[in-house]
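Asks: Dropping the structure in here first, questions after.
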Amino acid sequence: MIWVNDKTGRFKKRPHYSPEELDFECEKQIEIFLENKYQRYELPIITKDLTILIEQNTENFDSCCDLSEEGDDVEGITYFGKNKKPVVKISSRLQEVFLENRLRTTLTHEFFHVKFHDFLYQIEEPPSLFDLQSNSLSSENTHKCKRDNIIKASEKDWMEWQAGYGCGAFLMPISKLKKVVHDFRTNFKIPFEISSLDSPYCQLLIFFVAQQFQTSDEATKVRLMQKGFIIENSVQKSISLTQ
Ligand SMILES: [Zn+2]
């Protein structure tokens, strides 16, 4: 991790992580949690455990909140406060059974904010245009996460981009993901090449990986593309799965 200028203006400096660093740090969080609770590291992590992870690291956590007045498509909010743990609220809309995979990505997205961004609010006062009471949940310290940014956001908003990358890295930790992709290619006797979105294997690979990690097809596709297992066009390149 290196410190770089924060062009969004939230902080003077902000942390920059390489994707490999995020993969390592996110997998470590999940592995330690599961080893401590079950004495084994097996995935998928159940949804209840995702809520426990957030509860353990927040002052207050509400997984069934009416966020309709927070703006269109807001699915999660993390409130940061100086000298206290964050508060997390998740939209009640995600409690529908058929939206469980979306709930899982939103939970891990907010968990990333809690685990990797809260410390910034402890070491530096964010710039404030208003003289807000220090104990209030001020809008300056409120981070609203919209549906379109939960999995993948523009890199211009580094907090959303990192949390979007992090939710995939929590749910599909890199060492396990490599093994699942390797198993898929071995079991189905598919050449060790990158699958393009228009290849006949691509949808099967997404389905196979999503089943292993209990993730949505969209989150799985984004993660596989971020790690180079799937590419947009049909240009095929050989890769080593031991990278
Ligand atoms: Zn967010």
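Asks: Does LYS48 count as away from the ligand (no atom under 16 Å from the Cβ), within 24 Å of MET1 (Cα to Cα) and out of contact with any strand residue (DSSP E or B) (no Cβ under 6 Å at 6 or more places or on another chain)? Steps first, please.
Replies: Working: away from the ligand (no atom under 16 Å from the Cβ): yes; within 24 Å of MET1 (Cα to Cα): no; out of contact with any strand residue (DSSP E or B) (no Cβ under 6 Å at 6 or more places or on another chain): yes.
It is false that LYS48 is away from the ligand (no atom under 16 Å from the Cβ), within 24 Å of MET1 (Cα to Cα) and out of contact with any strand residue (DSSP E or B) (no Cβ under 6 Å at 6 or more places or on another chain).
Asks: Which of the residues belonging to segment 164-222 are aliphatic (A, V, I, L, M) and not in a helix (DSSP H, G or I)? Explain how you work it out, then say what you get.
Replies: The initial filter retains those residues of segment 164-222 that are aliphatic (A, V, I, L, M), namely 169, 171-172, 174, 177, 180-181, 190, 194, 197, 204-206, 209-210, 219, 222.
Listed by number, the residues that qualify are MET172, ILE190, ILE194, LEU197.
Asks: Can you run down the residue pairs with Cβ atoms below 7 Å, 6 or more apart or on separate chains, where the first is in segment 97-122 and hydroxyl-bearing (Ser, Thr, Tyr) and the partner is within 15 Å of the ligand (Cβ to nearest atom) and not in a helix (DSSP H, G or I)?
Replies: Once the first residue is hydroxyl-bearing (Ser, Thr, Tyr) and sits in segment 97-122, its partners that are within 15 Å of the ligand (Cβ to nearest atom) and not in a helix (DSSP H, G or I) give THR105/ILE151; THR106/GLU75; THR106/GLY76; THR106/ILE90; TYR121/PHE80.
Asks: Moving to a separate point now. What number goes with the only condition from (1) within 17 Å of LEU171 (Cα to Cα); (2) open to solvent by 30 Å² or more (accessible area, probe 1.4 Å); (3) of a type outside the set (Gly, Ala, Ser) that ARG10 does not pass?
Replies: (1)
Asks: Separate question: Condition first: of a type in the set (Ser, Thr, Tyr), touching a residue at least 40 places away in the same chain (Cβ under 8 Å) and surrounded by 12 or more Cβ atoms within 10 Å (Cβ to Cβ). Can you find one or more residues in segment 26-43 that meet it?
Replies: no
Asks: Being touching a helix residue (DSSP H, G or I) at 6+ places or on another chain (Cβ under 7 Å), open to solvent by 60 Å² or more (accessible area, probe 1.4 Å), within 13 Å of the ligand (Cβ to nearest atom) and assigned to a loop (DSSP other than H, G, I, E, B) is the requirement here; does LYS144 meet it? If you could, list the steps in order and put the result at the bottom.
Replies: Working: touching a helix residue (DSSP H, G or I) at 6+ places or on another chain (Cβ under 7 Å): yes; open to solvent by 60 Å² or more (accessible area, probe 1.4 Å): yes; within 13 Å of the ligand (Cβ to nearest atom): yes; assigned to a loop (DSSP other than H, G, I, E, B): no.
It is false that LYS144 is touching a helix residue (DSSP H, G or I) at 6+ places or on another chain (Cβ under 7 Å), open to solvent by 60 Å² or more (accessible area, probe 1.4 Å), within 13 Å of the ligand (Cβ to nearest atom) and assigned to a loop (DSSP other than H, G, I, E, B).
Asks: A further question follows. When segment 51-71 is examined, which residues are found to be away from the ligand (no atom under 15 Å from the Cβ), in contact with a strand residue (DSSP E or B) (Cβ under 9 Å, 6 or more places away or on another chain) and acidic (Asp, Glu)?
Replies: Across segment 51-71, the qualifying residues are GLU55, GLU59, ASP62, ASP66.
Asks: Quick one: PHE184 ticks every box in (1) in contact with a helix residue (DSSP H, G or I) (Cβ under 7 Å, 6 or more places away or on another chain); (2) under 23 Å from ILE150 (Cα atoms); (3) buried (at least 16 other Cβ atoms within 10 Å of the Cβ) bar one, so which box is it?
Replies: (2)
The values are calculated or read from the model by the stated rules, or taken from the named source; none is laboratory data. Being a predicted model, the structure only gives us computed values, none of them experimental. Ideal geometry is used to build each Cβ from the backbone, glycine not excepted, and the neighbour counts take in all protein chains shown. Keep in mind that these areas ignore ligands, DNA and RNA; they rest on the heavy atoms of the full protein, side chains included. Shrake-Rupley method; radii C 1.70, N 1.55, O 1.52, S 1.80 Å.
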